[in-house]
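Note sheet for the following structure.
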Amino acid sequence: MIPSPLPPDFIPFNRPCLAGPELEYIRQAVAAGKLSGNGLFTRRCQQFFEQHYGMAKALLTTSGTDALEMAALLLDIQPGDEVIVPSYTFTSTANAFVLRGARIVFADSRPDHPNLDVTQLEALITPRTRAIVPVHYGGQPCDMPALLALARRHTLWVVEDAAQAIEARFEGRPLGTFGHLAAFSFHETKNLSAGEGGLLAVNDPALAARAEIIWEKGTNRAAFARGEAARYEWVDVGSSFLPSELNAAYLWAQLESRHRIQQQRQHLWETYQSALAPLAAAGFFGLLPPVAGSQPNWHLFALLCRSEAERDALLAFLRQRHILAVFHYLPLHRSPYYAPRHDGRQLPHAERFGQTLVRLPLYHDLSRIGQQRVISTVQDFYLG
Ligand SMILES: *Cc1c(COP(=O)(O)O)cnc(C)c1O
């Protein structure tokens, strides 16, 4: 457990980032007299994503989870449809489709990386398969060229879970612009944050108009506001997916500050990498391999321990010294909810990452001294 109250030298796993202008923009949103969704700051953010990343349509949502749920509605996922999802991910990746009655077919991770193993996907496709949902773990790209070719051959939708992938690229192209749809998260643990928030990227223009209707509770309100519809009325299913202008104002400040935020993260990441590479080379733990052709976004720094017991001992050792490092996903095919529904296949790589992966503290204002303490504590654990 986290000691409570926190000791003064406690290093948390994450701290929400205040880049600077957030409170001023929130003040401006209040002064503008419109706090509900789709106001000035929402539209600024959305235009930024459309222009800067080349998305056909960008819709802010209240969370990455909501963006995934919108995707499942938009693709008309029906009971009995099958959706292929990596087991090593957050619940929302699968749960968004389970809410529509889909059966989740879990894919294993690559042997060397938590991302799903695209070479193993074809065997999972059946006549009921409708979509594949790759997760770019830690902002590192899945093999999208191969995955998109496979999806085209079988006429499947591709929804990227790009929750952790803002500002990451593959061969120059932003992650989240490869699939028909993509979900981003602006939860406070992600690189850019709105407290809670998300984005649905609509990359297939044929889906854009209906996406906006689903976003606006099944109404044509957005088109009506632009003068494109004669009446404001209920035209389809939908829900309330819009964040308030307060969240959009916070996010806008983060988008403006993104280069500085990313530089800080890159510096921290590279400091961990150079300090810990010798221990990795000596075989004490593994590091995630870089993906060829990728521009990383420095979302997380992970160690791959040699065993679950050693992983747990490392976390406890850090905690005793007032440092909170954390494991990551317990594979979803082994979860209390889905295990009885899973088809029984073993997914050894997802399980191994669930047992051995550790994330070290990495946040924008982690001090040099604080980071050195994390590094020397890891060194003490192994070399002690
Ligand atoms: C954070 C995250 C989500 C959920 O995003 P929220 O904004 O917290 O709803 C979904 N998938 C992955 C891979 C994530 O990391």
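The values are calculated or read from the model by the stated rules, or taken from the named source; none is laboratory data. None of these values were measured; they are calculated from a predicted model. Don't worry about glycine lacking a Cβ; one is built from the backbone with ideal geometry, like all the others, and counts go over all protein chains shown. Quick note on the areas: whole protein, heavy atoms, side chains included, nothing else; ligands and nucleic acids left out. Shrake-Rupley method; radii C 1.70, N 1.55, O 1.52, S 1.80 Å.
Some points to look at:
- Being surrounded by 20 or more Cβ atoms within 10 Å (Cβ to Cβ), among the acidic types (D, E) and more than 16 Å from the ligand (Cβ to nearest atom) holds for only one residue in D112, D117, D108, D76, and it is D108.
- Taking the criterion of being more than 13 Å from V133 (Cβ to Cβ), outside any strand (DSSP E or B) and more than 9 Å from the ligand (Cβ to nearest atom), no residue of segment 60-69 qualifies.
- Among residues of segment 85-102, those that are within 28 Å of F327 (Cβ to Cβ) and away from the ligand (no atom under 15 Å from the Cβ), counted: 1
- Residue within segment 112-126 that is among the β-branched types (V, I, T) and in contact with a Pro (Cβ under 6 Å, 6 or more places away or on another chain) present: no
- The residue list P21, P7, P12 contains one member that is open to solvent by less than 50 Å² (accessible area, probe 1.4 Å) and at pLDDT below 95, which is P7.
- Candidate set: segment 177-220, residues that are more than 11 Å from the ligand (Cβ to nearest atom) and of a type in the set (K, R); chosen: the one surrounded by the fewest Cβ atoms within 10 Å (Cβ to Cβ): K217
Quick grid of which residues meet (1) out of contact with any Phe, Trp or Tyr (no Cβ under 7 Å at 6 or more places or on another chain); (2) among the charged types (D, E, K, R); (3) not assigned by TED's automatic domain parsing to the domain that holds A194:
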| site | (1), (2), (3) |
| --- | --- |
| M55 | no, no, no |
| E69 | yes, yes, no |
| D81 | yes, yes, no |
| F90 | no, no, no |
| V98 | yes, no, no |
| E122 | yes, yes, no |
| R128 | yes, yes, no |
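- Annotation: of all residues in segment 120-141 being crowded, with 23+ Cβ neighbours inside 10 Å and more than 13 Å from the ligand (Cβ to nearest atom), the one that is nearest to the chain's Cα centre (by Cα) is P141.
- Reported count of residues in segment 1-51, each being more than 30 Å from G370 (Cα to Cα), of a type in the set (D, E, K, R) and not in a helix (DSSP H, G or I), is 1.
Yes or no, residue by residue, for (1) open to solvent by 20 Å² or more (accessible area, probe 1.4 Å); (2) farther than 22 Å from L175 by Cβ:
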site: Q273; (1), (2): yes, no
site: A282; (1), (2): yes, yes
site: N297; (1), (2): no, no
site: R306; (1), (2): yes, yes
site: A313; (1), (2): yes, yes
site: R321; (1), (2): yes, yes
site: P331; (1), (2): no, yes
site: E351; (1), (2): yes, yes
site: G354; (1), (2): no, yes
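- Residues being part of a loop (DSSP other than H, G, I, E, B) and touching a residue at least 60 places away in the same chain (Cβ under 8 Å) - total across segment 356-384: 7
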